[in-house]
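First the structure, in the form of structure tokens, and then the observations on it.
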Amino acid sequence: MESAPRAAPAAPAPPAPARRAGLTGTDALLALMTLIWGVNYIVIKAAFKVFSPLSFNAVRFSLAAAAVGAIAWAAGVRRPSRRDLVRLGLLGVLGNTCYQLSYIEGMARTRAGNAALIMAAVPVLTAVSSHLLGQDRLRWRDVGGLALSTAGIALLVIGSGADVALRGTMAGDLLMLASVVLWTAYTIASKPLVDSLGPTATTAWTMGLGAIPLLAICAPSVLRQRWDAVTPAAWVGAAFSSLGSLVLAYLIWYRGVQRLGATRTAFYNNFSPVVTLLAAWPLLHEVPTGWQLAGAAGIFGSLALVRS
């Protein structure tokens, strides 16, 4: 009796793509993202003169959810599986509901210097967490770059003369710290979904599902908002903050997570204060100090370490 032929051995899994040294097109897009987020800080600061924070968030998330939904529809994005839909919903609540509320309420209750220093922990916490979870391998160059970037943020804060203190800001500082943890978890947890579904689908579903509870929470502020006091310039600012800071920037962020990994994408988070500094020079006539320029140089120098 002839024996059955043995099954062919399974093909080995393809090796993980090697990390490309030097800057890539994705780095250029992430630089654009930091430009958008840096200018967005000034836009929000101006918009809050006529908008309440929650009303502003309601406007920009309504517009953003509609815009990214239209982009996903045009791109032919299909409905994910039930399991992925649950994960996308949880991710949307984490990054588009809890994070946004924690960040805005934290900013309202702490000093600008405190907020800048606390948010500088995002790349560090993301790098350590991603390394421990096996997503990204943390090299000594990465550690040096993160340390140099964090030191640069500290110099920016010191040079700006921003008040940094713990007295009377505990609630705000804790909320800002919570926002750091939430954004880090959001970035790391999104990696498997971005790899399987792609940046566009992940952005569309997380933003759309996360906007639902956020809008419900913002509803009382929307009803109290004096809409007749909102100027045309404020509406333009809301549109920029929505289509630029949320739609375009989030699509770029997810592309970075997919192509470069969570650690190297989160690293760009510390470039936004530099963009704000440079943008405030011509727009608000705030001339940077020597300490601030030294901090900016440190942050740019850290890029050479991390992306080499």
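The values are calculated or read from the model by the stated rules, or taken from the named source; none is laboratory data. These numbers were taken from a predicted model, which means no experiment stands behind them. With ideal geometry, Cβ positions are generated from the backbone for all residues, glycine too; neighbour counts draw on all protein chains shown.
Numbers below:
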quantity	calculated
Counted residues, the stretch 155-166 - those being part of a helix (DSSP H, G or I) and modelled with pLDDT under 75	5
All positions within the stretch 211-234 that are of a type in the set (A, V, I, L, M, F, W, C) and assigned to a loop (DSSP other than H, G, I, E, B)	Val230
Residue ranges of helices (runs of 4 or more DSSP H) in the stretch 235-284 with at least 3 members more than 14 Å from the chain's Cα centre (by Cα) and in contact (Cβ under 8 Å) with a residue 24 or more places away in the chain	272-284
Answer from Arg87, Arg137 - the residue that is among the basic types (Lys, Arg) and either outside any helix (DSSP H, G or I) or within 30 Å of Leu277 (Cβ to Cβ) (or both)	Arg137
Within the stretch 192-204, tally of residues that are part of a helix (DSSP H, G or I) and either more than 12 Å from Arg87 (Cβ to Cβ) or in contact with a Lys or Arg (Cβ under 9 Å, 6 or more places away or on another chain) (or both)	9
Residue that is surrounded by the most Cβ atoms within 10 Å (Cβ to Cβ) [pool: residues in the stretch 66-84 that are in a loop (DSSP other than H, G, I, E, B) and of a type in the set (A, V, I, L, M)]	Val77
Pair list, Cβ < 9 Å and 6+ apart or interchain, from the stretch 287-299 residues that are in contact (Cβ under 8 Å) with a residue 60 or more places away in the chain and in a loop (DSSP other than H, G, I, E, B) to residues that are among the small types (Gly, Ala, Ser) and surrounded by 16 or more Cβ atoms within 10 Å (Cβ to Cβ)	Pro288/Gly159; Pro288/Ser160; Pro288/Ala280; Pro288/Ala296; Thr289/Gly159; Thr289/Ser160
Among the residues listed as Gly152, Gly210, Gly145, the single one being crowded, with 19+ Cβ neighbours inside 10 Å, of a type in the set (Gly, Ala, Ser), modelled with pLDDT of 90 or more and closer than 20 Å to Ala266 by Cβ	Gly210
Residue within the stretch 94-104 that is modelled with pLDDT under 85, in contact with a Pro (Cβ under 9 Å, 6 or more places away or on another chain), surrounded by 20 or more Cβ atoms within 10 Å (Cβ to Cβ) and closer than 30 Å to Ser302 by Cα present	no
Per-region count, the stretch 29-46, residues under 16 Å from Trp235 (Cα atoms) and in contact with a Ser or Thr (Cβ under 7 Å, 6 or more places away or on another chain)	5
Flag if Asp173 is at pLDDT below 90, closer than 25 Å to Cys98 by Cα and of a type outside the set (Val, Ile, Thr)	yes
Single condition Phe61 does not satisfy, out of (1) surrounded by 21 or more Cβ atoms within 10 Å (Cβ to Cβ); (2) farther than 30 Å from Ser221 by Cα	(2)
Subset of the stretch 25-59 [of a type in the set (Phe, Trp, Tyr) and either without any contact (Cβ under 8 Å) to a residue 40 or more places away in the chain or in a helix (DSSP H, G or I) (or both)]	Trp37, Tyr41, Phe48, Phe56
Every residue from the stretch 181-213 that is of a type in the set (Ser, Thr, Tyr) and over 14 Å from Ile71 (Cβ atoms)	Thr184, Tyr186, Thr187, Ser190, Ser196
Subset of the stretch 27-68 [of a type in the set (Ser, Thr, Tyr) and under 16 Å from the mean Cα position of the chain (by Cα)]	Thr34, Tyr41
